[in-house]
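This report concerns only the one structure given below.
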Amino acid sequence: MNTFTRQRVLSTLLSNPRSFCLEIKMAEFDDTSLFQEDDHRVAYMFTAPPITTAATNTSPTTTTKSAPGRPAKRRRVSEKDTAAPLPAQEKDDEGRQWPRLFNGLESPSAADLRKKTYESAWPVLESEIESVLRDANRQTLEEVVEFLNSDVHECEGRGRVPAGFIITGPNIAGQDLLFSQLGDVLAELGEGRVRFVRLRAGEVGNLKGGLKRIVREGMGGQEGGGGEDGRMGGGGRRYLDYDLEALRMEMEGRGGGRVVVAFQDSEAFDTGLVGELVGLFHSWQDRIQFSVLFGIATSVELFQARLLKATARQLYGAQFDVVQANAVLESVIMAAVVGTKAQLRIGPGLLRKLVRRQQEQVAGVGAFVSSLKYAYMNHFYANPLSALLVDGQKLGKEILQPEHLEAVRMLESFKSHVEQSVEDGRLDHARLLLENDDYLKGRINRQAAKRQQYLGKLLQSLALVIATEHSKRSFVELYEAALEEGISLDQSPGPFDLGDAIKRSTPEELIGLIKRVMTVVVDGNPSLHWNGMGIGQDAEAAIDKFEALRADVERLIETSKKKKTSLKSKYSSQSRVLRTTVVAQKVQLSRDTATLTEEDNAFTAAIDDFFAFFKTLVGCEPLSNLFLNEVWQYDYHLPYEDVFVPRPGATFARALSRPHDYLGCACCDKANCSMVGTLPATSILYHLYSEAGASINVADLWAAYYALVGEDSEIGMDERSALVLFYRGLAEMRAMGFVKQSKKKADHIAKLKWL
Amino acid sequence: MPPKKTTNQKAAARVPRKRPATTDPYEIPEEDEIEPPKRRRHAATVAADTDDATVSTPSASRLKKTVATPIKLNGLNGIDTPSRKNNADRSARRKSARALVDRVISGAISDDEAEEGDIAREIYESSEDEEDEEDEEGEGENLNGETEPTTTPSKFAPGRKRKTTTTRTRKRSPTPPRDLPPHEQYFFQNKPGLSKTSNNTLSSLQLLTHDEYFSLSRDLSSANPHRTDITHLASLHVSSFPQWAFELSQSFSLCLYGYGSKRQILHKFATYLSSHPPCSLGQANKIVIINGYTPSITIRELLCSLASAVSSPTTTLPGILSYLTTHPKITLTILLNSVSSPYLRKGPFQSIISTLASHAQVYLCCTTDSPDFALLWDSAVGTNFQFLYHDCTTFCSYSPSELEVVDSVHELLGRKTRRVGGKEGVAFVLRSLPENAKSLFRLLVGEVLCADEGDGQGQGQGEEMSVEYRMVYNKAVEEFICSSEMAFRTLLKEFHDHQIITSHKDALGTELLSLPFGKEELEGILEELTT
C-alpha cells in the first residue's frame, strides 16, 4: 500500500482511531510506521526508538519503511537493541548531572557542587515546612478525635448521629491535607475498628454512588472489586454493593467498630443527597455506629440553613475551627524564609509578590511552598555563582574558575563595593579586587562568614522588634522592609519607628519590655530558629545592662510608691498639660510643664538609657548593600510568574498575531502586527478574526484570505492549496476555542473570544 | 476609514453638537409636571409606520409636524423626558427591525420595498446611534455642559436628523474601533443588529474532500516557507529538556501550552527521558504516552494501560497507587497529549489524572492546545497537579490524528460531516476488517432483510427493521463466525464504532440490532458482500 492510500484509509477511519489498536486490524496495515500507529492509540508504553529515527521522523507524512504493522513495535525494540546506544558515560553525565553553565565552560565539579548544595538545602526546609503544617492542624485534629471518641456514647442514647462541623475556610485545597491527616489519626487510634470514608462531591453523584463508596471503603477498600452485581456477605449471602447490611455483617465479623463518613466539601454536595445519607445513617444507627464530619467553607449557620430541619434534627454537632490560612502562612514564612535554616534569602520583591498572591487568589499554602521550592531550584540550577554558597573550606580553590571570578566582577554589588572603596580612599583594595584573582578568591571565601554575621544581626533585630510588641506591622511586612531598607530605629516615620512608643511607656510597661527583651536575648526566637545572642561577651554585657536597668526602675517604683506619687517620665503625655483657668471672668490658657520629681527624672534617664542601648542591638543594613549578596539572594519575578501564573491567552494571541516573535523568520519580519500573506494561515485568520464582528461569514473570510495569498497576490498560491491551508487554520481556530458553529445564517461562525 | 468613536473625548465633544437633548439638568423635573409633548411620539410612530406608507410620506409628514409645533417645543424647552423618547424610539425601532427581518425572510425585493427597507434600516440604525450617544451623554454634559446652549427644536427635525444619520452611516466602518479594551469590544460587537455580514455563501466554492485535502496537504507541508524556522523553534524547546527533566524529578508536573502541535516535542521528550533519566526517576522508569485527543479514550482503558505498564495486578486507581507505594523502585512517567481535549473534559478524568500525578512515584508532563485550560482544574485538583507551566509554542501543524481538519471545518459550517455512509462506506470499513467480521455483517444484513420481507408490509416504512441480538448470535455460532459471546461482542463493537449498526432494547428488555440503511442500500450491500 502506498502512502497515499494509507492516508485515505487513515482519514476514513480516523473517527475511530481506536480500531487501530485492536489487534484484528493491524495485519492490514503493512507499512504504517510506529510513530503513526501510536498516534492513534489511546495510551501506549514508550520504548525508545533508535535516536536517529526519532529525530528525523517528525512529520506525520514522512514514513519509514519498516516492519509490517503489528510486530512493528517489537521489531523496533530489537532494532534498538542492536543499534549502538549512546556511550554509557555520556548518558550518565547528561542524566545525572546538571547542565554546565558559562556556556558549558563550567567544570563538572562546580555543577555537581551546585546540585549537592541544592540537595542539601531544600529537603531541610521541606521537612521544616511539613512539621509546621502538621502542627497547625494538630489542635483541630485532637479536638475532632476527642469529640468522636467521647460524645458518641452520650448522644447515642438520643439516637442522633454525631456530626463534626469543621470550618476549613474557602481554600478547598487545604481540606485535603486535613482530612487525610484525620484519616491517619483515626486509623491509628481506632486500631482498625474505625473506618474512615472520605466523600467528595465530584465523586459522589447520587445516593447509590455514595452508598457504594461507603460500603466499599468501609469494608476496607478494594476487596471484591470484580463483582458487579453483588458481593459475598458474612453468612454466604450475596448483598448488593450498596447495601449497608453488607457493611454491618462485615463489621460484626470484625467485632464491631465505627464508621466515620467525612463530607469534604459539604457545600458542593446536593442538599438532598446529604439529607438522604444522614437519614439513612440515622436509621442504621442502632446497627452501625455512624459519625459524620462536614468540611465547611462558609459557616455552620449557612450550611444549616440549607439542610432540611428534619435532617438537622438527626444530627448532634460540634464545631471546630481550623487555623486560618494567614496564620499558617506566617509560620511557614518564619520557618522557611526568615529562619536560619533557609540558605537562600528570598528577596523582598519576590516575597511580597508571593504573599500577595496567597491573599488575592485563594491559593493554598501548598502553592507558596511550591513557589519557594522553585526559587531554590532556579537559583541553584541556573546561577553558576550559587556554588559559592558552600562554606569556605568546602569551596576549594580549584572549584573557582576564571569564569566565576569574571562573573563576580560583573555583579552589581561588586561594582558598588569597588566604587565605595574608591570613594573611601581604599584604592589598593579596589585595585586588588579588580586585578588580583587570589585576593578576590580570599574575599569570596570570607563572604560566607559575613553572611552568617549579617543574618544573625538581622534575626536578632527582628526578634527584638517583635518582642517590643510596639510594631503595628505584620511580621512579614517587617521582614520585607528590613531586607529592602534595612532596620534603623531612627527612621521616622518608618516600619521600625519604635522610639516614641518605647519612650512613652509607663514604668510597669518598661519592666515588662525589659523582661521580654531579655528573654529574647537569652533564648532567641524558636519559630525563627534563632537561638539568641549566645554566650559571648556581647550577650553578657547586654544581660547585665538590662538587669541593671530593671533594678533601677524597680527601685524607682518603690520609692515613688512610698512617696505616694506616680512615677512618670517627661515623655508620658501627662507631663505637659494645657491648663485653663478663669481669672476675673477671663479664660487663661497656660501651658504648664508638670514638675518632674527627682524619681521622674531618674526614670526618664532610665528610659533614654534603655532606648539608646536597644538601638545598639537593633539595626542592620539593607540586603542589597552587602558584598556578593547575589550569591545568596534570589529576587527574580519573571521565572516565577511565567511558571506559576501563566497567561495562556496572551501567549496564544502573541503567537498568532506576531508569529515573527517566535519564528524569527525573514519573511514576516516587516509584518509587525499587520497582515502579510507569508504569515502562517492560522495567523492570518486570527488577524481577520480579530477585526471581525461577533458573527463571521466564512465565505467573506475565505475571500479575504484568498485575496492575501491567492494567485493575484505576491504569494500566488493556487485556490485549492490555499483552501487546504484555510481549512487547517479554521480547524485550528476551532480547536483553540476561538470560534464555534453558528446557525443564524448560512456559512457563518460565531466568535467566542474577545481577549 | 477612521473608526467612528475612538475616544471618549471625541464622543463627548460631538455629542452636544449633534444632540442637544437634556442639557440642563434643572429642567427635567419640571417637565414631568408639564404634559409630555406629543411631537416625538408622532414622529416616531410615523417613522415606524413607513413600512406601509409610501416612500415620500414620512419625511413630509414629519416636516409638517415639526413646523407646526415649534412654539410648543420652545415652551417645553424642546426636550422630552428621556424615557419617553426612548420608548417611542424603541417602538419605532422594533417595527423597523421587524420590517427588515420580514424583508430578509421573504427574500424577493421590489423597488418600493427596497426603499422602504432603507428607511426602516435608517431608523433602526439611527436610534441605535442615539443609544450609543446616550450612554456617553452624561459625560458630555459634565465636560462641556455650558458650551452648547439648549436645544433648538429644529435639531429634532427629521430632516436634520436624517442628514446626520446618513453621514454617520457613511462613517460606520466594517472594522470595529481598534483600541477598545476587550470587554468593551465584546459589548460593541454583540450589540443587537450590529452583526451585519454579507449574504455571501460558499456555494460557489467546491469544498474539499478528504482525499483532496490529504493529497494537497502532503505537498504543502514540504513547501512550508517556515519549515526551517519551525525546526529551529523546536530545537529551542529541545534545549530545555534537561530543565524539564529536573523539574519533573522534583515532583512537579509540567504543563506545556502554546500554539501548535506539541505531540512531537513530547515524543522527543520521552526519548530524552528514556535515554537520560534524571536520578530521582528510578531505574525501572516506565514511560507511558497517553493521547488525550483520541475520541474513544475511556478511563478504564487509561487505567488498564497504566496498570500494565507498571505490571500492577489491579486496574483500579487505588490499586495502582498502592501497588506503586509497595514497589518504591518503580516510577511511572505519564506523558499526556492534549490534556484539554474535549474527551478529557468530561467526567472524572481530570481528578483521576491529578490523583495519579500527586503520587510521589508518578511524574506527569502534559500538553494543552487551548488557551482556556486553566478552567479545567479547581484548586483541589490544581494542588494535586503542582503544575509548572511552560510556553511551548511550536507552530507545528496538527497531525490528522490530533485534529480532523476537514470534518471539523465542515461541522463548523454546518455541512454534512463524513460518516461512513451508504454502500461504499460499509464496503470500505469491511475491507479493513477480518474475514469473520465480514461474514457476520453479511449474516446480519441477510437477517434484517429477511425480517423485513417477513413482516415488511405491516411495519411502517420509516421504521428500521431490527433483529434480535440473541438470534443473530446463535446463527453466528452455527455458522462458525465466532465461538464465544465475547468474540461476538467484539465484532459488534467494531460495527458500532463505525456506526454501521445500531442497537437498542425494546419494552421487554430484549436487545435488538438494526442497520441504519434503507432497504435498497441493504440489498446493494448484500450483493457486494456475497460476490
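The values are calculated or read from the model by the stated rules, or taken from the named source; none is laboratory data. Keep in mind the model is a prediction, meaning the values are calculated, not measured. Quick reminder, even Gly has a Cβ in these numbers, built from the backbone with ideal geometry, and neighbours come from all protein chains shown.
Entry remark, the stretch B:283-311: residues being surrounded by fewer than 18 Cβ atoms within 10 Å (Cβ to Cβ), facing another protein chain (nearest Cβ under 9 Å), under 30 Å from the mean Cα position of the chain (by Cα) and free of Cβ contacts under 8 Å to residues at least 24 places away in the same chain number 1 in total.
Quick check, is A:Gly95 at pLDDT below 80 and either farther than 30 Å from A:Arg313 by Cβ or within 14 Å of chain B (Cβ to nearest Cβ) (or both)? Full working, then the answer.
Numbers: at pLDDT below 80: yes; either farther than 30 Å from A:Arg313 by Cβ or within 14 Å of chain B (Cβ to nearest Cβ) (or both): yes.
The answer is yes for A:Gly95.
Do we have A:Ala387 as within 14 Å of chain B (Cβ to nearest Cβ) and within 22 Å of A:Leu623 (Cα to Cα) here? For A:Ala387, the condition - within 14 Å of chain B (Cβ to nearest Cβ) and within 22 Å of A:Leu623 (Cα to Cα) - is not met.
Residues considered: A:Leu656, A:Leu623. Of these, the only one that is in contact (Cβ under 8 Å) with a residue 12 or more places away in the chain and closer than 30 Å to B:Arg227 by Cβ is A:Leu656. Suppose the filter is over 33 Å from the mean Cα position of the chain (by Cα), within 8 Å of another protein chain (Cβ to nearest Cβ) and either free of Cβ contacts under 8 Å to residues at least 40 places away in the same chain or closer than 27 Å to A:Asn383 by Cα (or both); does B:Glu212 pass it? No. Scanning the stretch B:345-376 for residues that are under 21 Å from the mean Cα position of the chain (by Cα) and either charged (D, E, K, R) or within 11 Å of chain A (Cβ to nearest Cβ) (or both) yields B:Arg345, B:Lys346, B:Gly347, B:Thr368, B:Asp369, B:Ser370, B:Pro371, B:Asp372, B:Phe373, B:Ala374, B:Leu375. Note down all Cβ pairs under 8 Å where the first residue falls in the stretch A:690-711 and is more than 10 Å from every other protein chain (Cβ to nearest Cβ) and more than 21 Å from B:Gly193 (Cβ to Cβ), the second is acidic (Asp, Glu) and part of a helix (DSSP H, G or I), and they're at least six residues apart or on different chains. These pairs meet every condition: A:Gly710/A:Glu719; A:Glu711/A:Glu719. Is there a residue being modelled with pLDDT under 85, buried (at least 21 other Cβ atoms within 10 Å of the Cβ) and assigned to a loop (DSSP other than H, G, I, E, B) anywhere in the stretch A:171-186? Yes, the stretch A:171-186 contains a residue that is modelled with pLDDT under 85, buried (at least 21 other Cβ atoms within 10 Å of the Cβ) and assigned to a loop (DSSP other than H, G, I, E, B). Scanning the stretch A:363-382 for residues that are touching a residue at least 60 places away in the same chain (Cβ under 8 Å) and more than 8 Å from chain B (Cβ to nearest Cβ) yields a count of 10.
Only one entry of A:Ala407, A:Ala387, A:Ala367, A:Ala375 meets the criterion of being part of a helix (DSSP H, G or I) and at pLDDT 90 or above, and that entry is A:Ala375.
Could you tell me which of the residues B:Ser274, B:Ser261, B:Ser221 is within 7 Å of chain A (Cβ to nearest Cβ), out of contact with any helix residue (DSSP H, G or I) (no Cβ under 6 Å at 6 or more places or on another chain) and within 30 Å of A:Ala699 (Cβ to Cβ)? Talk me through it step by step, then tell me what you get.
Working: B:Ser274 fails: within 30 Å of A:Ala699 (Cβ to Cβ); B:Ser261 fails: within 7 Å of chain A (Cβ to nearest Cβ).
Exactly one residue qualifies, and that residue is B:Ser221.
Note on the stretch B:375-412: residues that are modelled with pLDDT of 85 or more and closer than 30 Å to A:Lys373 by Cα total 13. Restricting attention to the stretch A:734-755, and to residues there that are facing another protein chain (nearest Cβ under 9 Å) and among the aliphatic types (A, V, I, L, M), which single residue is surrounded by the fewest Cβ atoms within 10 Å (Cβ to Cβ)? For the stretch A:734-755, the residue satisfying everything is A:Leu755. Taking the stretch A:627-644 as the range and being facing chain B (nearest Cβ under 8 Å) and in contact (Cβ under 8 Å) with a residue 60 or more places away in the chain as the test, the residues that pass are A:Val643, A:Phe644. Within the stretch B:462-491, work out how many residues are under 14 Å from B:Glu435 (Cα atoms) and not β-branched (Val, Ile, Thr). Final tally of qualifying residues: 7. Within the stretch B:242-258, track down each residue that is closer than 24 Å to A:Pro123 by Cα and either over 35 Å from the mean Cα position of the chain (by Cα) or facing chain A (nearest Cβ under 10 Å) (or both). Passing the criteria: B:Pro242, B:Gln243, B:Ala245, B:Phe246, B:Glu247, B:Ser249, B:Gln250, B:Ser251, B:Phe252, B:Leu254.
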